[in-house]
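*Asks:* Let me give you the structure first, and then I'll get to my questions.
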Amino acid sequence: MGIIFSIISGKGGVGKTTTAANLAIGTAMQGKKTVVVDFDIGQRNLDMILGLENRVVYDITHVMDGDVRLRQALIPFKKNENLYFLAASQTKDKTVLSKEKVEKVLSELKKEFEYIFIDAPAGIESGFEHAVYFADAVIVVVNPEVSSIRDSDRAIGIVDAKSKKSQEGKRVAKYLIINRINPDLVQKGEMLSSEDILDILEIDLLGKVPEDQIIIEASNTGHPVILNEKSEAGRAFERISRRLCGEEVPFVDIESVKHSGLLKSIKKMFQ
Amino acid sequence: MSLFGSFKKKKSAQRAKDRLNVAITLDRDSNLYPYLDELKIEIMQIVQKYSKIRDVRINKEKVDDQDILDIEIVLEESTKT
Ligand SMILES: Nc1ncnc2c1ncn2[C@@H]1O[C@H](COP(=O)(O)OP(=O)(O)OP(=O)(O)O)[C@@H](O)[C@H]1O
Ligand SMILES: [Mg+2]
């Protein structure tokens, strides 16, 4: 039986879709049968980020409505045979999701795949509750910035109140990814450090991802950064994927090491 | 410690942390009872079996360390003619 990870946030635009795409590729690269599902109904994005926008024929609503079999709607990711993708529908009508239909699709996916990633809509959107209801674990994405952090705490509150596991008195595992860290600003004391954020939110850290220009190029080309050796963010997502696969990967201090190369060479000049 | 250390303005990240701690504590308090809306609807449905009502008001209070839900049922004015 697979594990369902819902990737959530309070505020929108913090990097959920980027995270979902990269972690799914990451666990697939670790040899795990993985599927990533776009639950952001009406705002289909993940297909572009994965470079699969031309391959979408059927989406999750077609499957839920019984128009096609799950197998027909699953799109293989060409760059890794362990990964499949299920698209969101572009309809404006967000009421297409119902608990029963969602449960049916997810339980089918759980039989076929080891890792199921759900790219959720932002915490305030309708559809959020469907995306977290059946989660075994949630991955909360925040930026080191006050509104993102505050809103994420409320989203975590909704998970605690509304998910199936919590309602059955069980614990939903919750993990934090801090995305778009700017090491220079943290060093200057002008950006919240990961330590500060963990103090405030009181949940377990899964990983830290730096701000990385290469992500723009990655979404332009549909070639996620985890596939790019040169990308710092890509390496961070790879470490997180390994952690999700049970490997003990030490946390890299991305908040202070950034300019060591430059600093060394400047010091050399004065030696 | 520099002589002027205590006059120095706090770095903005520290201020963010302080402000977030306060804001989130308040948020968590006000979200202690996420079921209030549903509770209100159910109470209305039950009471309506016996009497016409105008509103159900639920107030959250804290007396010392005791949390209290204060439920007030406002009946419809009697429609006797
Ligand atoms: N580490 C990063 N460095 C630089 N840019 C980033 C980083 N992470 C995300 N971005 C950029 O931020 C923007 C928002 O990212 P993304 O679409 O993944 O967020 P989202 O949380 O899924 O948004 P929404 O709530 O709208 O679904 C994108 O333009 C993305 O390229
Ligand atoms: Mg998104």
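The values are calculated or read from the model by the stated rules, or taken from the named source; none is laboratory data. Please read all numbers here as calculations on a predicted model, not as lab measurements. All Cβ positions, glycine included, derive from the backbone under ideal geometry; neighbour counts span all protein chains shown. Note: accessible area is taken over every heavy atom of the protein model, side chains too, but ligands, DNA and RNA are not part of it. Shrake-Rupley method; radii C 1.70, N 1.55, O 1.52, S 1.80 Å.
*Asks:* Which pairs have Cβ atoms under 9 Å, sit 6 or more apart or on different chains, and link a residue in region B:29-55 that is away from chain A (no Cβ under 14 Å) to one that is in a loop (DSSP other than H, G, I, E, B) and surrounded by 10 or more Cβ atoms within 10 Å (Cβ to Cβ)?
*Replies:* Close Cβ pairs satisfying both conditions: B:Ser51/B:Glu76; B:Lys52/B:Glu76; B:Ile53/B:Glu76; B:Arg54/B:Glu76.
*Asks:* Quick check on my filter: what residues within region A:176-189 are open to solvent by 20 Å² or more (accessible area, probe 1.4 Å) and within 16 Å of ligand 2 (Cβ to nearest atom)?
*Replies:* Result: A:Arg180, single match.
Residue-wise test of (1) open to solvent by less than 20 Å² (accessible area, probe 1.4 Å); (2) among the basic types (Lys, Arg); (3) out of contact with any strand residue (DSSP E or B) (no Cβ under 7 Å at 6 or more places or on another chain); (4) assigned to a loop (DSSP other than H, G, I, E, B).
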site	(1), (2), (3), (4)
A:Met191	no, no, yes, yes
A:Leu206	yes, no, no, no
A:Val209	yes, no, no, no
A:Ile216	no, no, yes, no
A:His223	no, no, yes, yes
A:Ala233	yes, no, no, no
A:Glu238	no, no, yes, no
A:Arg243	no, yes, no, no
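*Asks:* Still on this structure, I have one more. Mind checking which residues of region A:106-136 are farther than 25 Å from A:Ala73 by Cα and either aliphatic (A, V, I, L, M) or at pLDDT 95 or above (or both)?
*Replies:* If the condition is that a residue be farther than 25 Å from A:Ala73 by Cα and either aliphatic (A, V, I, L, M) or at pLDDT 95 or above (or both), then A:Ile124 is the only one that fits.
*Asks:* Against the conditions (1) of a type outside the set (Phe, Trp, Tyr); (2) within 12 Å of another protein chain (Cβ to nearest Cβ); (3) part of a helix (DSSP H, G or I), where does A:Asp184 fall short? Just the number, please.
*Replies:* Just one mismatch for A:Asp184, condition (2).
*Asks:* List the pairs whose first member sits in region A:117-135 and is at positive phi, whose second member is at pLDDT 90 or above, and whose Cβ atoms are under 7 Å apart, counting only residues at least 6 apart or on separate chains?
*Replies:* A:Gly127/A:Phe39; A:Gly127/A:Pro121
Table: residues versus (1) within 14 Å of chain B (Cβ to nearest Cβ); (2) closer than 30 Å to A:Ile216 by Cβ; (3) touching a residue at least 60 places away in the same chain (Cβ under 8 Å).
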residue	(1), (2), (3)
A:Glu100	no, no, no
A:Ser107	no, no, no
A:Ser152	yes, yes, yes
A:Ile158	yes, no, no
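*Asks:* Do you know which residues across region A:43-59 are within 18 Å of A:Ile7 (Cβ to Cβ) and aromatic (Phe, Trp, Tyr)?
*Replies:* The answer is none; no residue qualifies.
*Asks:* Continuing with the same structure: How do the pairs read when you match residues in region A:186-210 that are within 21 Å of A:Ala20 (Cα to Cα) with residues anywhere that are loosely packed, with under 14 Cβ neighbours inside 10 Å, using Cβ under 8 Å and keeping only pairs 6 or more apart or on different chains?
*Replies:* Cβ pairs passing all conditions: A:Leu205/A:Phe251; A:Gly207/A:Phe251; A:Lys208/A:Phe251.
*Asks:* Please specify each residue of region A:8-54 satisfying the condition of being in contact with a helix residue (DSSP H, G or I) (Cβ under 6 Å, 6 or more places away or on another chain), of a type in the set (Asp, Glu) and near ligand 2 (Cβ under 10 Å from one of its atoms).
*Replies:* A:Asp38
*Asks:* Sticking with this one: Tally up the residues in region A:30-48 that are closer than 16 Å to A:Ala122 by Cβ and buried (at least 23 other Cβ atoms within 10 Å of the Cβ), please.
*Replies:* Of the residues in that region, 5 qualify.
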